[in-house]
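Reviewing the structure listed below.
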Amino acid sequence: MTSPCEVHIFCDDPNRSRKVAAKILENSKILENKYNFYNPNSFLSAINQRQVEQLDVQTKDLLSRAKLFYSRTEGIFDITMGTLSSSRKHKSLSQVQEEEQRLLPFVGVEHFKIKKNRIIFDNPHTLIDLGGFVKEFAVDLAVKTLKKEKIASALINFGGDIYALEAKPSGEPFSVGIKNPLNPAEYITKVALQNQALTTSASYERSQVIEGKSYSHIIHKEALQSKVISATVISSSVVESGVYSTALMIKPTLQTSLQKILIDNKLNIHKE
């Protein structure tokens, strides 16, 4: 999952806890191997290489939900942004921009359709990248595993994609800190969580510098010009929180009823 992943299980039976944790690890590794954009042998790569059209139930569900979120976020959350990934391999700005312009016409979920259990592209260039989706889906799947095994209390943290199952054994909600985007070594505020998901997208995350220009890990059709440098969203599912925290980094005015915490470049905290 390209980041540290933790599962804290509160249970009186250590053997049972280990078995549940092992099941979560197994499911997460399956998802990572299956949908790894950069692994040429993954199932997702086979789709992108047009080697397979037939979709299993899980993949069809993920792609269908991604299309729905594309619509709900006004086209901001777009799993076909992976189409532009090859442009970042160049070492000069002119080459990056030239490659982006060549590939931009093929960006957008409208370039693929799902008919029954088949995925059909309208061109050979559009690529699907579920990197902003699968880690969050893995946490939601882990929560289902915990509930199925009747675990009463747990905290899952996959690289900052967090779900608090119930409360601590003491009855208190879990306390989750939100990092200062200008100094990630410290926390700027905290949130109490109980049966809730929380994700944060921030400017301190992965970036790439080409000829002095910094490119965010969030790839979008337009350069990020928002004054928001950290967006946290709290909801009932990690997938939904992840989608909207990413989208709000690009468009802070995006309408959503979800609880959100936005931090601007002057470290002002806006809670809604």
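A few remarks follow.
- Phi-based couplings in Hz for region 147-155 (Karplus 6.51, -1.76, 1.60; Gly and Pro marked x): 5, 4, 8, 6, 6, 7, 8, 6, 10
- Cα Rg over Rh - region 1-89, Kirkwood: 1.07
- For region 37-46, putting each phi into the Karplus relation 6.51 cos²θ - 1.76 cosθ + 1.60 with θ = phi - 60° gives couplings of 5, 9, 8, x, 9, 6, 5, 5, 5, 4 Hz, in residue order, rounded to whole numbers and with x for Gly and Pro.
- Leu127 long-range amide H proximity, modeled H, under 5 Å: Thr83
- Under Karplus coefficients 6.51, -1.76 and 1.60, residue-wise ³J(HN,Hα) of region 75-87 in Hz, glycine/proline x: x, 6, 7, 9, 6, 8, 4, x, 4, 8, 4, 5, 5
- Given charges at beta-carbon only (K, R positive; D, E negative), |dipole| of the chain in Debye: 360 debye
- If you bin all the Cα-Cα distances of region 61-193 at 10 Å, starting from zero, the percentages per bin are 10, 26, 27, 23, 11, 2.
- Apportionment of accessible area to carbon and sulfur, the chain, percent (1.4 Å): 50 percent
- Surface accessible to a 1.4 Å probe, Ser170 within the full protein complex, Å²: 90 Å²
- Degrees separating the helix 238-250 axis from the principal Cα axis of the chain, which is the longest one: 50 degrees
- Panel note: the C-alpha atoms of the chain, placed on their principal axes, show extents of 57, 47, 32 Å (largest first).
- Value at 222 nm in deg cm²/dmol, rounded to 500, when DSSP H runs of n ≥ 4 in the chain each add -39,500 (n - 2.57): -9500 deg cm²/dmol
- Surface exposure of the chain, expressed per residue as accessible area with a 1.4 Å probe, stands at 52 Å².
- Under-5 Å amide H pairs with Ser153, H placed in peptide plane, nonlocal only: Phe10
- On Cα atoms only, tilt of 93-103 relative to the major axis of the chain in degrees: 90 degrees
- Between amide H atoms placed 1.01 Å from N, distances below 5 Å from Asn39 occur with no residue 5 or more places distant or on a separate chain.
- For region 64-131, the mean projected area of the C-alpha convex hull, equal to one quarter of the hull surface, is 5.1 nm².
The values are calculated or read from the model by the stated rules, or taken from the named source; none is laboratory data. The model shown is predicted, which means the values in this text are computed figures rather than measured ones. All Cβ positions, even for glycine, are placed from backbone atoms using ideal geometry, and neighbour counts span all protein chains on display. All accessible areas refer to the heavy atoms of the entire protein, side chains included, with ligands and DNA or RNA removed. Shrake-Rupley method; radii C 1.70, N 1.55, O 1.52, S 1.80 Å.
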